[in-house]
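K.L.:
I have a structure here, written as structure tokens, and I will follow up with some questions on it.
The numbers here are math on the coordinates, done by the rules we state, and not lab data. Remember, it's a predicted structure, so these values are computed and weren't measured experimentally. Heads up, the Cβs are rebuilt from the backbone with ideal geometry, glycines too, and the neighbour counts pull from every protein chain shown.
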Amino acid sequence: MTRRTTTARRRMMAVAAGGAGLALVLAACSDPDGEGGAADETTSAGGMIDCAPYEEFGDIDGKEVDVYTSIVDPEGATQQASYDAFEECTGVTVNYEASREFEAQLLVRLQAGNAPDIAYLPQPGLLNTIASDFPDAIKPAPTQVAANVDEFFNETWKGYGTVDGTFYAAPLGANAKSFVWYSPSMFSDAGYEVPTTWTALMDLTEKIHQDTGGQVWCAGVESGDATGWPGTDWIEDMVLRTAGPDVYQQWYTHEIPFDDPQILEAWEAAGQILQNPDYVNAGLGGVDSIATKSWTDAGNGILDQQCWMHRAANFYMTQWPEGTEVSESGDVFAFYLPTDQTDVQPMLGGGEFVTAFADRPEVQAFQTYLSSADWANEKAKATPAGGWVSANNGLDPANLATEFDQYVAGVLSDPNTVVAFDASDLMPGEVGAGTFWRAIVEWLTGSSAEEVTAQVENNWP
Amino acid sequence: MTTTPTPGPNVVVPAADEGAPRTERKLTRLEKRAIATKGRLSSPWASGIAIVIAILWTIPSLGLLITSFRPESDIRRTGWWTVLTGNADLTMDNYNEALYGNSNDLATFFVNSFVITLPAVLIPITLALLAAYAFAWIKFPGRNFLFVAVFSLQVVPLQIALVPLLSDYVNWNVNGSYWTVWLSHSIFALPLAIFLLHNFMKDIPPSLVEAARVDGAGHVKIFFRVLFPLLVPAIASFGIFQFLWVWNDLLVGLTFADPKYQPLTVAIAEMAGSRGGDWYLLSAGAFISMIVPLVVFLALQRYFVRGMLAGAVKG
């Protein structure tokens, strides 16, 4: 049985996987010795994963599972490739559908009674909305999934997938956002060290500015109709560092107002860099150019030696132009956005959550697969270009394709790391995907932090 | 108006025959106006302004076209106008990537777009012709009320019909096929189609229809022999409208079609990638999708202008 490694279209793979499943059944049947058949089955599934956990779901060979997500190509292709092992084990066909309009279309489909079997929700806020608006459509996670999540994930991750005490959604991939991209060679040529505290970072920024006379940081928050979100990550990182994770939680749950003095302090801290014309926007213009520079290109100044540091998430790795070497000895690398806190090491994070709208056995089997360590490892192997990590602690870092991904996984699994979910994804949609974004743009184009935060607070639903 | 005592023409006109001179005077005025307009339009100033507007209007498209041939790193760093300085390389990479890159096999989506567009143009035109004929030439009780009702449906935005329509399709078990896409496009197109074609039909002199009726022609014969040949420009111009609308539609295709039936626009919208990082491919994608409407428009523009003018002068 040849293992298909091509990233050809899903249908072809589905046919191949279905064929493989059929061949397995035939092989098992033609084998006079039952023992041998079972052994044959595990090995001929490519020796990839243990198929035993899916046997309790009964005969699901030939069934189909429809998955609807926001992860389009090229990341979509690696997602699909990571399902091969499951398809070969069970004979189930996974139909993968991805759309950039996922968040709007999913609600339309739910309202029309046309829900997919499984959807990957990129925000716990959306999960809350769906659980309260469509209680009949959404299905709680099966016990096998809950067991997997208990075993492989930190409790906070399980909390994000839980609404009112019912556990619905297991985490899938994870993002880690508290990183600063830099050029290792520029740093070593100039004799700078990677800072390990926030104070050291600010000192280094001032030193670079003094030494070169130029600007230090580059940033950009333009992102089409979502313009502003990269800026919200800046603020959230600062809230975590100046006010701490507890205040952070009170902030997104609206126990304290959006314009609380502690939050304003975070805006000021971010403003020390983002609103200081001496520090931004290296190679791109003045402070207001941050609002109009596309976030996908904002860091390119590092490659041109015009910009020293760029704060962006781990998935910024896939945005570097083709041929850029991302490693500690290469063109670019990232260090953890440091903090002056000594007890905790806050990490701003994000991720997708596997939500089911059907409870057929094949769907539950697939949910179980996605929450297992097997899937995380398969996904890591299926992502040769990197830029992907999971909070699944069964993930073997050696399977991660790149040095940077391994570094991210290391930070995520550090016992001092406190993963705080992206607050704008936890706030109500009107704020987290609306007024907060606009506040960032206005703040960067001349309004004061007091004005824009008061505006968000006054419009809190 | 006729009471203004301007000497000259008034004196010459015989009071007994009022109909003829009125038309004559009207014609002269129209002609005068036509001549004046012609003079105004052909003045060098007007030509200059027209050319400036044309250039301003074309620059963004030109920029998009140039961008689509530039390498990714150049698109991300500099504007398309840097090409004008001379030292810039052009490449077909974006087109290659857009057409064959990972699973974006655009050929399938091209076929889907055609399969969606052709019936979605033909169905509403056929239905609208029948309805327009009835509204224009068949007297039945409630005709005006019904016509106003159809006409006013135009102000209903299609977005509010999306969810109810989709839930109906799901209940009827027809969801996700081409049928629902055709049906939806037809539903959304019909009010405007009926209104436009009705106005064109109404403008055909009643004497033509009456003459045919005296000669013993029924509705079918009148429709095909008398009205249809006169309506060709109108049908063609609405056809172009509808073709462009359906070809460029994203919302209906995205909402009602299953992935394997989705049109080109959906595939192009996905090209930018999950986080929008591959936006540089969109310029190439836009031109790939633009080719077909451009050909259709250039091939049929004769009718388009004629149809628009017919509507503008008579309606």
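K.L.:
Give, in whole angstrom and from largest to smallest, the semi-axes √(5λ) of the equivalent ellipsoid of region A:395-435, with λ running over the eigenvalues of the Cα gyration tensor. Present the calculation step by step, with values, prior to reporting the outcome.
P.N.:
On the way: eigenvalues 184, 31, 10 Å².
Over the Cα atoms of region A:395-435, the semi-axes work out to 30, 13, 7 Å.
K.L.:
Starting from the eigenvalues of the Cα gyration tensor, five times each then square-rooted, give me the equivalent ellipsoid semi-axes of chain A, largest first, whole Å. Provide the component values of the computation, followed by the final result.
P.N.:
Details: eigenvalues 351, 130, 67 Å².
They are 42, 26, 18 Å, listed from largest to smallest.
K.L.:
If you don't mind, another one. With a Förster radius of 41 Å, plug the Cβ-Cβ distance of B:Leu122 and B:Asp89 into 1/(1 + (r/R0)^6) and report the FRET value to the nearest 0.05. If you can, show how the numbers build up before the last one.
P.N.:
On the way: r = 45 Å, r/R0 = 1.10.
Computed FRET efficiency for B:Leu122 and B:Asp89 comes out at 0.35.
K.L.:
Translational D (Stokes-Einstein, µm²/s) of the protein assembly as shown at 37 °C and 0.692 mPa s when Rh comes from the Kirkwood sum over C-alpha pairs?
P.N.:
Rounded to a whole number, D works out at 107 µm²/s.
K.L.:
Angle, helix B:106-137 long axis vs. longest principal axis of chain B, Cα atoms, 0 to 90°, nearest 10?
P.N.:
On a 0 to 90 degree scale, this one is about 20.
K.L.:
Modelled label-to-label distance, B:Thr82 and B:Val52, 7 Å Cα→beta-carbon offset: nm?
P.N.:
3.1 nm
K.L.:
Oh, and also: List the lysines whose Cα sits under 21 Å from the Cα of B:Lys139, skipping any in the same chain fewer than 8 residues away.
P.N.:
Once the sequence-local lysines are set aside, what remains near B:Lys139 is B:Lys202, B:Lys221.
K.L.:
Can you give me the orientation-averaged projected area of the convex hull built on the Cα atoms of region B:63-218, in nm²? Spell out each step's value before the answer.
P.N.:
Numbers: hull surface 66.0 nm².
In nm², the orientation-averaged hull projection of region B:63-218 is 16.5.
K.L.:
Any idea what the relative contact order of region A:157-222 is, in percent, if you count C-alpha pairs under 8 Å spaced at least 6 apart?
P.N.:
Computed value for region A:157-222: 13 percent relative contact order.
K.L.:
So how tilted is helix B:143-152 from the main axis of chain B? Cα-based, degrees 0 to 90, rounded to 10.
P.N.:
30 degrees
K.L.:
Residue-wise, which Karplus ³J(HN,Hα) couplings in Hz belong to region A:155-172, taking 6.51 cos²θ - 1.76 cosθ + 1.60, θ = phi - 60°, and x for glycine or proline?
P.N.:
4, 4, 5, 5, x, 5, x, 10, 10, 6, x, 9, 8, 9, 10, 8, x, 10
K.L.:
With r defined as the distance between the Cβ atoms of A:Asp359 and B:Leu62 and R0 fixed at 51 Å, what FRET efficiency is calculated, to the nearest 0.05?
P.N.:
Numbers: r = 55 Å, r/R0 = 1.09.
E between A:Asp359 and B:Leu62, to the nearest 0.05, is 0.40.
K.L.:
Which net charge results for the neighbourhood of B:Leu90, defined as the other residues with beta-carbon distances under 11 angstrom from its beta-carbon, given Lys and Arg at +1 and Asp and Glu at -1?
P.N.:
Values: positive: B:Arg70; negative: B:Asp74, B:Asp89, B:Asp93.
Its environment carries a net charge of -2.
K.L.:
Taking the Cα centre of each part, how many Å lie between region B:243-260 and region A:113-141?
P.N.:
Cα centres, region B:243-260 to region A:113-141: 25 Å.
K.L.:
What Kirkwood hydrodynamic radius, in Å, does region B:22-91 give when the mean of 1/r is taken over all pairs of distinct Cα atoms and then inverted?
P.N.:
15.8 Å is the Kirkwood radius here.
K.L.:
So which residue, out of B:Ala267, B:Ala286, B:Ala107, gets the largest mean-square fluctuation from a GNM of chain B using Cα contacts under 10 Å as springs?
P.N.:
In the Gaussian network model the winner is B:Ala107.
K.L.:
Let me ask something else. With the contact rule set at Cα under 8 Å and sequence spacing of 6 or more, what percent relative contact order holds for chain A? Please list the in-between numbers first.
P.N.:
Working: 809 pairs, mean separation 100.0, N = 461.
The normalised contact order for chain A reaches 22 percent.
K.L.:
Can you give the average number of partner chain beta-carbon atoms within 10 Å of each beta-carbon in peptide A:95-102, as a whole number? Kindly include the intermediate steps, with their values, before the conclusion.
P.N.:
On the way: counts 3, 2, 4, 4, 6, 10, 7, 1.
If you average over the peptide's residues, the count of other-chain Cβ atoms is 5.
K.L.:
Sticking with this one: At 0.36 nm per residue, minus the direct Cα-Cα distance, what do A:Ser327 and A:Asp133 gain on full extension? Give it in nm, one decimal, please. Can you show the working numbers first?
P.N.:
Details: separation 194, 0.36 × 194 = 69.84 nm, distance 4.53 nm.
Between A:Ser327 and A:Asp133, full extension yields 65.3 nm more.
K.L.:
Quick one: compute the contact order of region B:243-283, relative version, from alpha carbon pairs under 8 angstrom and 6+ residues apart, as a percent.
P.N.:
Details: 23 pairs, mean separation 11.1, N = 41.
Dividing the mean separation by the residue count of region B:243-283 yields 27 percent.
K.L.:
What number, rounded to the nearest 500 deg cm²/dmol, is the helix-based mean residue ellipticity at 222 nm of chain A, given -39500 (n - 2.57) per DSSP H run of at least four residues and division by all its residues? It would help to have the intermediate numbers written out before the result.
P.N.:
Numbers: 20 runs with 197 residues, N = 461.
Here the helix-only value at 222 nm equals -12500 deg cm²/dmol.
K.L.:
Among B:Arg275, B:Arg213, B:Arg29, which one shows the highest mean-square fluctuation when chain B is modelled as a Gaussian network with alpha-carbon springs under 10 Å?
P.N.:
Looking only at B:Arg275, B:Arg213, B:Arg29, the largest GNM fluctuation is found for B:Arg29.
K.L.:
Once the mean 1/r over all distinct Cα pairs of region A:324-446 is inverted, what Kirkwood radius in angstroms do you read off? Working shown, then result.
P.N.:
On the way: mean 1/r = 0.0576 Å⁻¹.
Taking every pair of different Cα atoms in region A:324-446, averaging 1/r and inverting gives 17.4 Å.
K.L.:
Which length gain, in nm to one decimal place, applies between B:Ile160 and B:Leu146 when the Cα-Cα distance is subtracted from 0.36 nm times their residue separation? Don't skip to the answer; put the middle values down first.
P.N.:
Working: separation 14, 0.36 × 14 = 5.04 nm, distance 2.20 nm.
So the extension gain works out to 2.8 nm.
K.L.:
Now a separate question. Classify chain B as rounded, prolate or oblate, taking a ≥ b ≥ c as the square roots of the eigenvalues of its Cα gyration tensor: rounded when a/c is under 1.5, otherwise prolate if a/b is larger than b/c and oblate if not. Don't skip to the answer; put the middle values down first.
P.N.:
On the way: a/c = 3.05, a/b = 1.43, b/c = 2.12.
Oblate shape, in that a/c is at least 1.5 and b/c is the bigger or equal ratio.
K.L.:
Can you pull out the trypsin sites (Lys or Arg not before Pro) in region A:239-330 that DSSP calls coil and that have at most 15 other Cβ atoms within 10 Å?
P.N.:
Values: sites: A:Arg241, A:Lys293, A:Arg311; in loops: A:Lys293.
Answer in residue order: no site qualifies.
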